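Please read the structure below before turning to the comments.
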Amino acid sequence: MSALYERLMRVAAPEQLLRGEPMAAHTTFRVGGPADWMFFPASEAQLLAALDAAREAGVPAMVIGNGSNLIVRDGGIRGLVIVLGERMSAVRVDGEIVSAQAGAPLGRVAAAAQAAGLTGLEFASGIPGTLGGGCAMNAGAYGGQLSDALLDARVLLDGAVRTLTRGEMEMGYRTTLPLRRGGVVLEARFALARGDRDAILARMRELNARRREKQPLNFPSAGSVFKRPEGHFAGALIEQAGLKGAAIGGAQVSPRHAGFIVNTGGATAADVLALIAHVQREVLRASGVRLETEVRVVGE
Ligand SMILES: Cc1cc2nc3c(=O)[nH]c(=O)nc-3n(C[C@H](O)[C@H](O)[C@H](O)COP(=O)(O)OP(=O)(O)OC[C@H]3O[C@@H](n4cnc5c(N)ncnc54)[C@H](O)[C@@H]3O)c2cc1C
C-alpha cells in the first residue's frame, strides 16, 4: 500500500488521496463501508498514472463517477477507488458535436447541448450520473439511451487508450464493452441535430417534472434497482406481488415507485441486498419472472 501512496504522491497533491473513506459518502444510496484508498484525479494523466501505480503495487483499482448506480457492501472496498468528477468534467460544443470528459454530470452535458440548440440528449438531463458512468452503463430514459447519440468514446481498454466508435462500444440495454471488460471511459463525443432551443428546454423540463412526480427523489436511492424484464415493467411486477412499501431495516420498496428501493434512514447495504433478494424471490413466485439487478453491487 505504501508503494501506491508514494507513487501517487509523485503526481498528485495529498488532498487528492483519502484513506479509509466511507463509500456511503460517495454513493447516492448512502450505504457502503470504507474504501482503503480513494483518489480524485485532476487530469486524465493523473488517472492513468494512478491506474499504473495500482497495477504495479498489486492493488485492485476501480473507477466510479457519481456513485448513482452502485451498492457498496458494508465491508467496503479493498484497494483503490478512483472518483471521476468535477476536476475532469470539461464539456465542449463544436458545430453539432458535443464532447465531454468522463466526470461531467450528464445534466450539464444535456444543458450544453440545449444552450447550443442541439437536440438528442434531452432524455439524459435528469439522470444523476456522470458521462463516464452513463456511457459505461448505456444510461437511458423515456425512450432514449446514450448509444442513440454517441459518436465515439476514448476508452482505456486492456492497457491502451483508444477511440471506439459507437459500434465498437457494443452498447446494449444497460451494458457496454467497457463495462463488461473493465475499460475506463475517458471522454465521449455525441453527434446531435439542430433543433429549437426553447423546444429542447421545454422537453427537458417536461421529463424532469415527470421524474419529480413519479420518483421518490426525496430519499437516497440508486434509481431503478432492476432491469426492465422482456415484456414487463419491473415496478408493476413488484407492485402486483404486493411488495410496495415492504421494508427490511432502513431499506424500503418505495411506496411511490415500486421499481425503486430507498434508504429511509440508517439503511445498511445488507438491508438493501436482503430486500432485493426478497423482491426477486416474491416476484418469481408471483409472476414467474426473474428480475435482474441494474444496480452494480461491489465491495465486501
Ligand atoms: C434518482 C435516480 C434516478 C436515476 N434514473 C436513471 C435513468 O433514468 N436512467 C438510467 O439509465 N439510470 C438512472 N439512474 C442510475 C444512474 O444514474 C445511471 O446508471 C448513471 O449512468 C450512473 O452514472 P455514475 O457516474 O453515477 O456511475 P457510478 O454509479 O459511479 O458507476 C456505475 C458503474 O459504472 C462504472 N463506471 C463509472 N464511471 C466509469 C468510467 N468513467 N468508465 C468506465 N466505467 C465507469 C462503475 O465502475 C460502475 O460499475 C438513476 C439513479 C438515481 C439515483
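The values are calculated or read from the model by the stated rules, or taken from the named source; none is laboratory data. Computed from a predicted model, the values in this text were never measured in an experiment. Cβ placement follows ideal geometry from the backbone for every residue including glycine, while neighbour counts extend to all protein chains displayed. In case anyone asks, the SASA skips ligands and DNA or RNA and just uses the protein heavy atoms, side chains included. Shrake-Rupley method; radii C 1.70, N 1.55, O 1.52, S 1.80 Å.
Listing for the model above:
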item: Strands (runs of 3 or more DSSP E) contained in the range 217-279 and holding at least 3 residues without any contact (Cβ under 8 Å) to a residue 24 or more places away in the chain and in contact with a Pro (Cβ under 7 Å, 6 or more places away or on another chain); result: none
item: Contacts under 8 angstrom Cβ, first residue in the range 172-194 being farther than 27 Å from ARG87 by Cβ and open to solvent by 20 Å² or more (accessible area, probe 1.4 Å), partner β-branched (Val, Ile, Thr) and more than 10 Å from the ligand (Cβ to nearest atom), 6 or more apart; result: ALA193/THR119; ARG194/THR119
item: Number of the exception - LEU106 against (1) aliphatic (A, V, I, L, M); (2) surrounded by 21 or more Cβ atoms within 10 Å (Cβ to Cβ); (3) away from the ligand (no atom under 12 Å from the Cβ); result: (3)
item: Check on GLN252, farther than 30 Å from ALA61 by Cα, open to solvent by 10 Å² or more (accessible area, probe 1.4 Å) and within 16 Å of the ligand (Cβ to nearest atom); result: yes
item: Unique residue being charged (D, E, K, R) and open to solvent by less than 30 Å² (accessible area, probe 1.4 Å) when the list is ASP198, ASP152; result: ASP152
item: Single residue of GLY129, GLY120 found to be near the ligand (Cβ under 8 Å from one of its atoms) and of a type in the set (Gly, Ala, Ser); result: GLY129
item: Condition met for LEU47 (buried (at least 23 other Cβ atoms within 10 Å of the Cβ) and assigned to a helix (DSSP H, G or I)); result: yes
item: Subset of the range 278-296 (residues that are open to solvent by less than 50 Å² (accessible area, probe 1.4 Å) and either within 16 Å of the ligand (Cβ to nearest atom) or over 12 Å from VAL253 (Cα atoms) (or both)); result: GLU282, VAL283, VAL289, LEU291, THR293, GLU294, VAL295
item: Evaluation of ARG290 against (1) assigned to a loop (DSSP other than H, G, I, E, B); (2) without any contact (Cβ under 8 Å) to a residue 12 or more places away in the chain; (3) of a type outside the set (Asp, Glu) (one fails), failing number; result: (2)
